[in-house]
Each structure stands twice: as structure tokens, then as C-alpha cells.
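Notes follow once the structure below has been shown.
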């Protein structure tokens, strides 16, 4: 990916991340907690993906993205460990909320 395409891709991913946070906010305001968690995870996924691509780091999967983010930004000390923990927690929460039967998040958990 050349520099121009990379910049365009990163810009689009950041815009998508912002819109996805807005969607999460609307969902949570209306009590759709599992869907809000899903959107929060994807907002962070898009932002981390933009960060990786802007640094010419590419991954093919969600787990690959998490690994690359951890290696290049958390373990290296470029970003605080709390961001790695947040990504892992939202990933786990999204999996649980999307796939576990009879499980629902609530306001206290999500907020």
C-alpha cells in the first residue's frame, strides 16, 4: 500500500471509529447493552487498525491485530498497558455478548 492509499485508509478507519462510538452511545442510551459493547469493541478495532496501518503493520485477523498492537505499542512502552487491557476486555465482552445464550450486559457493567 503506497503512502497516499495508506493515509486515505487510516482517515477512513478513524472516521468509522468515531461513528461507531456514536452508535454505541445511542445503543446504550436506549438500553441495548450487548449491542453497545459490540460497537465499542469495533470502534477500538477500527482505531487500532488505523494505528497499525499508519505504521505499516498489517494483520489478517482480530487476534492478529491484538497481537501486533500489543507487540508494537504496549510491550514497547509506546502506549500505556491500560489500552491493551481495554482492547482485550472489549474483545472478550463482545464475544460473550454476541455468542453466549441468555447473557445480557447492563448499564452498570457497560458504563
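Taking the criterion of being at positive phi and without any contact (Cβ under 8 Å) to a residue 60 or more places away in the chain, would at least one residue in the range 21-42 satisfy it?
no
To keep it simple, each residue is scored yes or no on (1) in contact with a helix residue (DSSP H, G or I) (Cβ under 7 Å, 6 or more places away or on another chain); (2) in contact (Cβ under 8 Å) with a residue 12 or more places away in the chain.
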site: 3; (1), (2): no, no
site: 47; (1), (2): yes, yes
site: 61; (1), (2): no, no
site: 68; (1), (2): yes, yes
site: 76; (1), (2): no, no
site: 81; (1), (2): yes, no
site: 84; (1), (2): yes, yes
site: 87; (1), (2): yes, yes
site: 99; (1), (2): no, no
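FYI, it's all coordinate maths here, none of it is from the lab. Computed from a prediction, not measured in an experiment: that's the story for all the values here. Because the Cβ atoms are built from the backbone with ideal geometry, glycine has one as well, and the counts that use them run over all protein chains shown.
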